[in-house]
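Worksheet: one structure, shown below.
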Amino acid sequence: MDFSIAWQKINQMGRDFMALLPNLLFGLVVFVGFIFLARGVQSLVERVVASRQQSQGLKLLLSRVSHVATLVLGILVTVTIIVPGFTPASLISALGVGGVAIGFAFKDIFQNFLAGVLLLLTEPFKINDQIAYKDFEGTVETIQTRATTIKTYDGRRVVIPNAELFINAVTVNTAYDKRRLQYDIGIGYGDDIAEARKLILEAMRGVDGVLADPAPDALVVDLAGSSVNIRARWWINPPRRADVLDAQDQVLEAIKNTLTAHGIDLPFPTQQILLHDQTEETDGDRKRQREGWPPGQGEVPKSRIEVQQETQRAAQAPATPPAQAQA
């Protein structure tokens, strides 16, 4: 069997490899150099961003992007050294339609990446801010290029794609230093509104953590079915969730104790059922009753008391003699 052709192929491959070996070794050395260069660029970007007091999220984004971009550049240079006929233009032309298909396949990833970059640049919220998005509320842990993670108040982690946070409404509870809280307190209709308002304000002013400027206030907001509702409003600083709950606990406790100590009623919802059994003088007299219906136009029925009185008078009247009755 003639192995000459195979041997020639092997010899040719060996010669090609030996010819490529210097370029391969030099390319590996260059790529290792780019690895160290990428680390140096990343550290430099972190120091520059830190010196300008930018957000932690933006610092992470720029450092990662600079590191990845340097590595990609190193790969392209290495491949160009190893394969002299290779150019980035030939890579782009080789991708062709496949690149379009890849773009559609990774559309959501690219969209979230761009949204993450814009969130880090515009900074509608930052790391450690407390935000509310739809049914989720918690503290922002990280803002990555694909998604933002928040830690809920009950100790759970929620991962939200950046595109949703960028195009939808997000409530940032810690965007400002101060936050106003409010609660409706119901007093009885027989209580003095001015006195109750004064007591509520005194109670709020006496609680630690309630700001004097802006001052707390109390407004009548509703004449409800069983109470007059007064809305107590006060400001706190800082506005984090734990501070909100603590301030609300102390304020409501102080208001309740102050009102009850001064005899102000805190009524609960009640209902009054009227049974019209014709036992009162005005029952049945549509011109005098006021339980919600208008007075009638014609004759009104007599009350049960009037009927009983007429019956008693008829029973007490003397009987008519038979003779007079015949006459």
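Most exposed first by the Cβ proxy, i.e. fewest other Cβ within 10 Å, how do Ser66, Ser227 rank?
Lowest to highest Cβ neighbour count: Ser66, Ser227.
For the range 249-255, 3J(HN,Hα) computed residue by residue from phi via the Karplus equation (6.51, -1.76, 1.60; θ = phi - 60°) reads 4, 5, 5, 5, 5, 5, 5 Hz, glycine and proline entered as x. Amide H contacts of Arg179 (H built 1.01 Å from N, in plane; Pro and chain starts excluded): Ile236 sit under 5 Å, all sequence-distant by 5 or more or on other chains.
Label positions at Phe26 and Ala317, each projected 7 Å from the Cα along the C-beta direction, are separated by 13.9 nm. Exposure proxy for Thr142, Thr122: other Cβ atoms within 10 Å of each Cβ, ordered fewest to most, give Thr122, Thr142. Spin-label model, Glu137 to Ala50: label points 7 Å out along the Cα-to-beta-carbon direction sit 3.6 nm apart. In this simple spin-label approximation, Gln271 and Asn237 carry label points 7 Å from Cα along the Cα→Cβ vector, and these lie 4.9 nm apart. Taking 30 Å as R0, compute the FRET efficiency from the Cβ-Cβ separation of Ser43 and Phe113 and round it to 0.05. Given R0 = 30 Å and the Cβ-Cβ separation, E is 0.80. Length available on full extension from Val83 to Ser226: 0.36 nm per residue minus the Cα-Cα distance, which gives 42.8 nm. Computed from the C-beta positions of Glu306 and Gln248, the FRET efficiency with R₀ = 56 Å rounds to 0.45. Pop the C-beta distance of Asn128 and Arg205 into the FRET formula with R0 = 41 Å and round what comes out to the nearest 0.05. With R0 = 41 Å, the Cβ-Cβ based efficiency is 0.85. Other residues lying with their Cβ under 9 Å from the Cβ of Leu219 contribute a combined charge of +2, Lys and Arg counting +1, Asp and Glu -1.
Values in this text are rule-based calculations from the coordinates and carry no lab data. What you are looking at is a predicted structure, and each value in this text was computed from that prediction instead of being measured. Neighbour counts run over all protein chains shown; Cβ positions are idealised from the backbone, glycine included.
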